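Peer 1: I have a structure here, written as structure tokens, and I will follow up with some questions on it.
The values are calculated or read from the model by the stated rules, or taken from the named source; none is laboratory data. What you see is a predicted model; the values in this text were computed from it and never measured. Glycine also receives a Cβ, built like all others from the backbone with ideal geometry; neighbour counts cover every protein chain displayed.
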Amino acid sequence: MDALILASSTGGLSLFASGRSSWRSNDLKAVHSPIIGPIGSSIGVQVPACSSDNAVGKFYTLKFRRHVIKHYGRGIQDTPTAFQKSNTKFLPNATSDHPLESEPAAYPKNTWNSVKNALDAFYRFSRPHTIIGTQALSIVSVSLLAIEKVSDVSSLFFTGVLEAVVAALMMNIYIVGLNQLSDIEIDKVNKPYLPLASGEYSIFTGIIIVTSFSVMSFWLGWIVGSWPLFWALLISFVLGTAYSINLPLLRWKRFALVAAMCILAVRAVIVQLAFYLHIQTHVLSRPAIISKPLIFATAFMSFFSVVIALFKDIPDIEGDKIFGIKSYTVCLGQKRVFWTCISLLEMAYGVSILVGATSSYTWSKVITVLGHSILASILWIRAKSVDLKSKAAITSCYMFIWKLFYAEYLLIPLIR
């Protein structure tokens, strides 16, 4: 066995092997092995040496070495020098019951980092830009259209809005989650940062999430007892499933026109009409009346939903080509679809300005005309600067379209 020597090097202690001794079967020869002290002094100890083929010799040699190291370590800890104190952190492994050279490093798991990573993965899985626009802002905005007087803004109103937002949010997570489950291979090309495509989530985990949220959404819609809300959830479920799931006669996203109609139906019609009627009839207990602001909101969001349905495929052209998704971008090209989307939005803003100008309320006229003029100008300036050869630039513009979508829901309640 090798004789162990504790040595000081650059302010730390290290173990190294030195020399080799042999012994005969009936006697152990003592080997004098110096242990170098922290300030250059040496301590002579007698360490029995043995050959590697004798188990008894190896056992007693190892026990003796541990004994020396253990007591020498205590001596260092008892010595009040700065050097010795700084090196005591290296000693615990030497006195453990495991072999010195195989002691594993123990790193405690950081619970907070694990929680943050889990939340980040779920955040990306839930596609928050769709939640903000399709659910939170849209439902609140449309609900405000039912307000006729100040007394309508009550705890009952806020409760009704909250019920609608939470139920719709859970259904939205089902829809976007099912789409990711159906598009794992495509997303590895187009959106590798999504949890299923990156491997952060297993397929089983994805199925559990989408199933749980769909059940909770229907459960909440049922116990609320609002038929407009329940039908909104059911139609969204059916169209969202047909859009994504890969079954015969389904997976409608493969067909550009049908895919656009699905998105149009949910975002432009269901969200506007169903959630307005939920507040108007169930919460405020009034008869169903289709008002001018509601008609405007439905028409404008129809344009916007078509644009989003077309635009979302522009940065995904590479993966869609590989997997045979015949989107308008694949059929017509990125540039043509891009400027079609911009033109549709500019037309929608033009109509919005005209509608705002016909309002009988001065404050509504000023805010809606000025607001839509500003948004139309910003969109045109941004569109002119987009590099259509850059996927990153197109994706950034797509997210900007979503911001315009959010902004419109701030203006819709002001249409009177």
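Peer 1: Of everything in the stretch 230-287, what is polar (S, T, N, Q) and either within 28 Å of V337 (Cα to Cα) or in contact with a Gly (Cβ under 9 Å, 6 or more places away or on another chain) (or both)? Give them in sequence order.
Peer 2: Those that are polar (S, T, N, Q) and either within 28 Å of V337 (Cα to Cα) or in contact with a Gly (Cβ under 9 Å, 6 or more places away or on another chain) (or both): S236, T241, S244, N246, Q272.
Peer 1: Considering only the stretch 365-396, how many residues are closer than 26 Å to T329 by Cα and in a helix (DSSP H, G or I)?
Peer 2: The qualifying residues number 16.
Peer 1: Another question, if that's okay. So which residues in the stretch 135-158 are touching a helix residue (DSSP H, G or I) at 6+ places or on another chain (Cβ under 8 Å) and within 23 Å of W222 (Cβ to Cβ), if there are any at all?
Peer 2: Within the stretch 135-158, Q135, A136, S138, I139, V140, V142, S143, A146, L156, F157 meet the criteria.
Peer 1: Hey, among V258, V269, V189, which residue is surrounded by fewer than 19 Cβ atoms within 10 Å (Cβ to Cβ) and without any contact (Cβ under 8 Å) to a residue 12 or more places away in the chain?
Peer 2: Selected residue: V258, the only one of V258, V269, V189 that is surrounded by fewer than 19 Cβ atoms within 10 Å (Cβ to Cβ) and without any contact (Cβ under 8 Å) to a residue 12 or more places away in the chain.
Peer 1: While we're here: Would you check which residues across the stretch 192-210 are of a type outside the set (A, V, I, L, M) and without any contact (Cβ under 8 Å) to a residue 24 or more places away in the chain and list them?
Peer 2: Scanning the stretch 192-210 gives P192, S198, G199, S202, F204, T205.
Peer 1: Taking the stretch 212-249 on its own, how many of its residues are free of Cβ contacts under 8 Å to residues at least 24 places away in the same chain and among the aliphatic types (A, V, I, L, M)?
Peer 2: Qualifying residue count, the stretch 212-249: 7.
Peer 1: Of all residues in the stretch 86-142, count the ones that are in the same structural domain as S198 (by TED's automatic domain parsing), of a type in the set (V, I, T) and modelled with pLDDT under 60.
Peer 2: Adding up the residues that qualify gives 1.
Peer 1: Still on this model: Considering only residues of the stretch 277-304 that are closer than 25 Å to G221 by Cα, crowded, with 22+ Cβ neighbours inside 10 Å and not assigned by TED's automatic domain parsing to the domain that holds A256, which is nearest to the chain's Cα centre (by Cα)?
Peer 2: Once the filter is applied, the top-ranked residue is M301.
Peer 1: Shifting gears a bit: Got at least one residue in the stretch 352-364 being touching a residue at least 24 places away in the same chain (Cβ under 8 Å), aliphatic (A, V, I, L, M), assigned to a helix (DSSP H, G or I) and crowded, with 17+ Cβ neighbours inside 10 Å?
Peer 2: The answer is yes, given that some residue of the stretch 352-364 is touching a residue at least 24 places away in the same chain (Cβ under 8 Å), aliphatic (A, V, I, L, M), assigned to a helix (DSSP H, G or I) and crowded, with 17+ Cβ neighbours inside 10 Å.
Peer 1: Restricting the first residue to the stretch 150-177 and requiring it to be at negative phi, which pairs with a second residue that is outside any helix (DSSP H, G or I) meet a Cβ separation below 7 Å and a spacing of at least six or different chains?
Peer 2: Hits for this filter: D152/L284; V153/I147; I173/S126; V176/S126; V176/R127.
Peer 1: Sticking with this structure for a sec: Taking the condition of being modelled with pLDDT under 90 and either within 20 Å of S138 (Cβ to Cβ) or charged (D, E, K, R) (or both), how many residues in the stretch 357-397 meet it?
Peer 2: The total comes to 2.
Peer 1: Ok, one more. Check every one of the helices (runs of 4 or more DSSP H) wholly within the stretch 164-266 and list those with 1 or more residues that are in the same structural domain as D320 (by TED's automatic domain parsing) and more than 30 Å from H282 (Cα to Cα).
Peer 2: Per the criteria, no element qualifies.
Peer 1: Residues to consider are F213, F158; find the one that is of a type in the set (F, W, Y) and either over 22 Å from I263 (Cα atoms) or exposed (fewer than 14 other Cβ atoms within 10 Å of the Cβ) (or both).
Peer 2: Within the list F213, F158, the selection yields F158.
Peer 1: Condition test on A274, is it surrounded by 21 or more Cβ atoms within 10 Å (Cβ to Cβ) and not acidic (D, E)?
Peer 2: Taking the combined requirement at face value, the residue satisfies it.
Peer 1: A follow-up question, please. Using beta carbons and a limit of 7 Å, which pairs, at least six apart or on different chains, have the first residue in the stretch 315-338 and within 16 Å of I394 (Cα to Cα) and at pLDDT 80 or above and the second one among the aliphatic types (A, V, I, L, M) and surrounded by fewer than 18 Cβ atoms within 10 Å (Cβ to Cβ)?
Peer 2: Listed pairs, sorted by first residue: Q334/L388; K335/L388; F338/L388.
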